[in-house]
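First comes the structure, then the notes that go with it.
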Amino acid sequence: MTSASPLTLHAAPPDQAPAERSAFADLSQETLALTRRLFLQLARRPSTLVAGVLQPLIWLVLFGALFAKAPEGLLPDGMSYGRFLGAGVIVFTAFSAALNAGLPVMFDREFGFLNRLLVAPLRSRSSIVLASVLYITSLSLIQSLAIMVTAALLGYGWPGAAGLLLVLVTLLLLVFAVTALSLGLAFALPGHIELIAVIFVANLPLLFASTALAPISFMPTWLGWLAALNPLTFAIEPIRAAYAGSFSLQAVVLEAPYGDLTGLTCLGILAALALGLFLLIRPLLDRKLS
Amino acid sequence: MIQLDQISKAYGPVTALDGLSLRVPAGSLYGLLGPNGAGKTTALRILCTLLAPDRGGVQVAGIDALQQPRQVRERLGYVAQEVAIDKILTGREMLRLQGALYHLATPHLRQRTEDLIELLGMGGWIDRRCGTYSGGMRRRLDLASGLLHQPSVLVLDEPTVGLDIESRAVIWQVLRQLRDAGTTVLLSSHYLEEIDALADRLAILDGGRVIAEGSPSELKRALGGDRVTLRVREFSDETESARVQQVLQGCPGVRQVVVNRAQGHSLNLVVDGEAVIETLRQQLNQAQLPVFSLSQSRPSLDDVYLQATGRTLMDAELEVVGVRDPKAERKQAMR
């Protein structure tokens, strides 16, 4: 072993140690470093990314083919089933990705990595949550875009520039809401087995009880009600409208049993849901990270 | 430099710390010795602001750790027992992350990283994924992480458990160098030899409180008397050792006779000086007991522990081995 320079071993002089830096510089430094870690993990273990695109892709191709010969005029506005399904699968992709937001956090809790973060002088421990949100938002948007491109190649249409913006905003709101839910679960549940179980159980029923695969007019009354209350539906319908070329937020996009909803109402509900969930999990996060 | 005042902490019905007080002088290498379950880890977790005590005060470098935890975290390096590293990152990436969490500027971080790689002999491994590291290499990386921000206080929880000899030597040497350079180092261990060899001062913990405190030589000297380990057979049974105990107990100059169950029912005696040894031999001869082996030594830290608790450290370890609940312990560490 070589002998070290004195610099290596001496403690930082007390007057230099807590260098006065802006809170913003500290916050962005720690948040970016934590986000970078999540992306490094993704780059080295890309199976989550691949599976997250592959699964909806299989839905799109197989489910689309299943009803390819559905009689014309069965769906509203004479839409083909592939086109109808596209919006549902795009939303399902973002939803599934965001639902997994809590998993890395849960593993960090279980393996003690979180404790390593908590002994560090983080400017704010929100940076841990913020990094997860940044990571999962980008991941789910990337996956959704991959599905949109594939759907376009399959001839299921492309929303155009203005429509694309509407699609992204809608997905963003849904992803925020679901991420909040998943992060809350990651701190509330005892371990990753339980979290995976919840994700597994929540995933498909939420898909079926939405307008992703069929319009409300096809459903029995009780399922129609469920679908009309399902947050996924509030994301699917504005996107479906955008794909159909309607960018007016005032236009009715969903004829729910309790009344007609415009695109703006849908987005408003999603935004309220995201905000509500973040406020709901905040006390839990504060307690667990204090 | 470090001050714990009357700290109490319970996990549900289990009391981990029971009015623990500790004073670690600045610039010293301080040992926390005790069997598993004595409360060492809990004390260190409280010190590192990971855990809030139920009662009591914590000060690090003159700062109240309960009031201003962030200021304490800036000055403190913590090498935890449960090695939490991201297996998929390389050592260098781990250090870069750690540096950002301590808000180090990039050029400074780069220089520190290079220095620590050299100091800890990690050159060949730093750019490989942590998942491929041996226990020793992981622990060196942990030490590097703890030292990255040049803390004035370094806290290590059983840093050499299960390590290879070379890594242990490296860590020991670095800890000594740090102390010599002015850093306050606090480490816990259940290895007597480690504390004896390294620590300037130590506290012995048992049942969540300090039962003895001082420098190793002070503690041993205060105990006085010579230690004799005696066997009448390589492995005696309980009856035989009890009989020997009876024979020797009345002997003049013999202060104490304890049967050491962990070591084949050998007998541990405390005697006043060498002259007593001859008396012992005569007594055993008269009772027609052979002497298989007899060794004599100065008191060790184990004897300090024995004196204070009435059991050897080894026995205390064995007692809790079956009782420990790894699941409950993991839950304690989890947020």
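The values are calculated or read from the model by the stated rules, or taken from the named source; none is laboratory data. Remember, it's a predicted structure, so these values are computed and weren't measured experimentally. Glycine gets a Cβ as well: all are built from the backbone with ideal geometry, and neighbour counts include every protein chain shown. Remember, those area values only see protein heavy atoms, side chains included, never the ligands or the DNA or RNA. Shrake-Rupley method; radii C 1.70, N 1.55, O 1.52, S 1.80 Å.
What to note about this one:
- Nearest-0.05 FRET efficiency for B:Arg128 and A:Ala25, computed from C-beta distance (R0 45 Å): 0.90
- Residue ranking by accessible heavy-atom surface, 1.4 Å probe, largest first, among B:His103, A:His10 comes out as A:His10, B:His103.
- Estimated distance in nm for a label pair at A:Ala188 and A:Asp260, the labels positioned 7 Å out from Cα along Cα-to-Cβ: 3.7
- The 3J(HN,Hα) values that the Karplus relation (6.51, -1.76, 1.60; θ = phi - 60°) gives for the range A:157-166 are, in residue order, x, 9, x, x, 4, 5, x, 4, 4, 4 Hz. Gly and Pro appear as x.
- At q = 0.07, 0.11, 0.13, 0.15 Å⁻¹ the log10 of I(q)/I(0) for chain A amounts to -0.32, -0.70, -0.91, -1.15, computed by Debye summation with a single uniform scatterer per C-alpha, solvent ignored.
- Rounded, prolate or oblate (a/c below 1.5 giving rounded, otherwise prolate when a/b exceeds b/c) for the range A:63-220 by Cα gyration tensor: prolate
- Only helical runs count toward this figure. For chain B, summing -39,500 (n - 2.57) over DSSP H runs of n ≥ 4 and dividing by all residues gives -12000 deg cm²/dmol at 222 nm.
- Farthest towards the positive end of the charge dipole of chain B, among the residues B:Ala100, B:Ile126, B:Gln296, is the Cα of B:Ala100, using unit charges on the Cβ of Lys, Arg, Asp and Glu.
- Charged side chains reduced to their Cβ positions (Lys and Arg at +1, Asp and Glu at -1) give the range B:251-335 a dipole of some 480 debye around its Cα centre.
- Relative to the longest principal axis of the Cα atoms of chain A, helix A:102-111 runs at roughly 30 degrees.
- Rounded to 10°, Cα long-axis angle of helix B:275-286 versus longest principal axis of chain B: 50
- If you bin all the Cα-Cα distances of the range B:78-139 at 5 Å, starting from zero, the percentages per bin are 4, 18, 29, 27, 19, 4, 0.
- Selection from A:Ala256, A:Leu275, A:Leu285 lying farthest towards where the dipole of the range A:237-290 points positive, charges on Cβ: A:Leu285
- When the Cα gyration tensor is reduced to axis lengths a ≥ b ≥ c, the ratio a/c is 1.5 or higher for the range A:43-156, and with a/b above b/c it is classed as prolate.
- The protein assembly as shown shape via C-alpha gyration tensor axes, a/c threshold 1.5: prolate
- Using a 1.4 Å probe over protein heavy atoms, the accessible area lost on pairing B with A, summed over both chains, comes to approximately 4400 Å².
- Surface accessible to a 1.4 Å probe, per residue, for the residues of the range B:145-216, Å²: 30
- Sorting B:Lys40, A:Lys69 by accessible area puts them as A:Lys69, B:Lys40; the probe is 1.4 Å, largest comes first, and only protein heavy atoms count.
- Between B:Arg23 and B:Glu114, the FRET efficiency estimated from the beta carbon spacing at R0 = 45 angstrom works out to 0.80.
- Free of any GluC sites (Glu not before Pro) that DSSP assigns to a loop and that have at most 13 other C-beta atoms within 10 Å, the longest stretch within chain A is A:73-290.
- Average accessible area per residue (Å²) across the range A:92-177 - probe 1.4 Å, nucleic acids and ligands excluded: 30
- Residues of type aspartates and glutamates that B:Lys331 reaches as a straight line, Cα spacing below 14 Å, ignoring anything fewer than 8 places off in the same chain: A:Asp108, A:Glu110, B:Glu82
- Residues losing 30 Å² or more accessible surface upon assembly, the range B:293-335, compared with the chain by itself, 1.4 Å: B:Arg330, B:Met334, B:Arg335
- Rounded percent of accessible protein surface that carbon and sulfur make up, chain A, 1.4 Å probe: 72
- Solvent exposure of the range B:35-139 as accessible area per residue, Å², 1.4 Å probe: 38
- Interface residues of the range B:142-170, defined as those losing at least 30 Å² of solvent-accessible heavy-atom surface relative to the isolated chain (probe radius 1.4 Å), are listed as B:Gln150.
- Of the accessible area of chain B, computed with a 1.4 Å probe over protein heavy atoms only, carbon and sulfur atoms account for 47 percent.
- Heavy-atom accessible area, probed at 1.4 angstrom with all protein chains present, ranks A:Phe84, A:Phe111 as A:Phe111, A:Phe84, highest first.
- Figure legend: label point modelled 7 angstrom from the Cα of A:Leu32 along Cα→Cβ; no residues of the range B:53-91 have amide N under 18 Å from it.
- Here's the picture: charge each Lys and Arg Cβ at +1 and each Asp and Glu Cβ at -1 in the protein assembly as shown, and of A:Tyr135, B:Leu20, A:Ala241 the one pushed furthest to the positive end of that dipole is A:Ala241.
- D_trans [Stokes-Einstein, Kirkwood Rh over alpha-carbon pairs] for chain B, 25 °C, 0.890 mPa s, µm² s⁻¹: 112
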